[in-house]
Amino acid sequence: MKKNNNSNNQGFYNWNSQSSTPNFDFSQASQNNNSQPTLESEINKYSHMSEERLMQEMFALVNAGKQNGTLDNAKLEEFFNSASCMLSSEQIVKLRSLIDMAKQS
């Protein structure tokens, strides 16, 4: 995975200097790293949601990121490339579909 060393936290995901796991963040770039949730806390937050609810949440985050300028199609592709190595073939197909839908929204 490519590590983002950009200290201003711009991008689809950013890296907490104290952790080797990415923290997904669609909020404004000025947010402090210490206040960002961990990947584990984000997984726990979404683990109880239905697939339909997860998709609603994802597209709300995508739309917010596109509106505030912290997310674009290149960053969606970067996320896909980073995440796909951790997924099964079936999950990669699903993620590809979601990324393609997010690019069109």
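Of everything in region 84-105, what is of a type in the set (S, T, Y), in a helix (DSSP H, G or I) and open to solvent by less than 90 Å² (accessible area, probe 1.4 Å)? Give them in sequence order. So that I can check it myself, show each step before the final result.
So in region 84-105, the residues of a type in the set (S, T, Y) come out as 84, 88-89, 97, 105.
Adding the requirement that they be in a helix (DSSP H, G or I) leaves 84, 89, 97.
Matches in region 84-105: S84, S97.
The conditions are (1) at pLDDT below 90; (2) surrounded by fewer than 12 Cβ atoms within 10 Å (Cβ to Cβ); (3) of a type in the set (A, V, I, L, M, F, W, C), and F24 fails exactly one of them. Which is it?
Every condition holds for F24 apart from (2).
Out of curiosity, is N81 open to solvent by 70 Å² or more (accessible area, probe 1.4 Å), in a helix (DSSP H, G or I) and out of contact with any Cys (no Cβ under 9 Å at 6 or more places or on another chain)? Before the answer, list the steps.
Details: open to solvent by 70 Å² or more (accessible area, probe 1.4 Å): yes; in a helix (DSSP H, G or I): yes; out of contact with any Cys (no Cβ under 9 Å at 6 or more places or on another chain): yes.
Yes: the conditions hold for N81.
For every residue, the table says whether it meets (1) open to solvent by 50 Å² or more (accessible area, probe 1.4 Å); (2) modelled with pLDDT under 75; (3) not basic (K, R); (4) not in a helix (DSSP H, G or I).
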| position | (1), (2), (3), (4) |
| --- | --- |
| S17 | yes, yes, yes, yes |
| A29 | no, yes, yes, yes |
| P37 | no, no, yes, yes |
| I43 | yes, no, yes, no |
| M55 | yes, no, yes, no |
| M58 | yes, no, yes, no |
| K75 | no, no, no, no |
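The values are calculated or read from the model by the stated rules, or taken from the named source; none is laboratory data. This one's a predicted model, so the numbers in the text were calculated from it and none came from an experiment. We place every Cβ from the backbone using ideal geometry, glycine too, and count neighbours over all the protein chains shown. Side chains included, ligands, DNA and RNA excluded: accessible areas come from the protein's heavy atoms. Shrake-Rupley method; radii C 1.70, N 1.55, O 1.52, S 1.80 Å.
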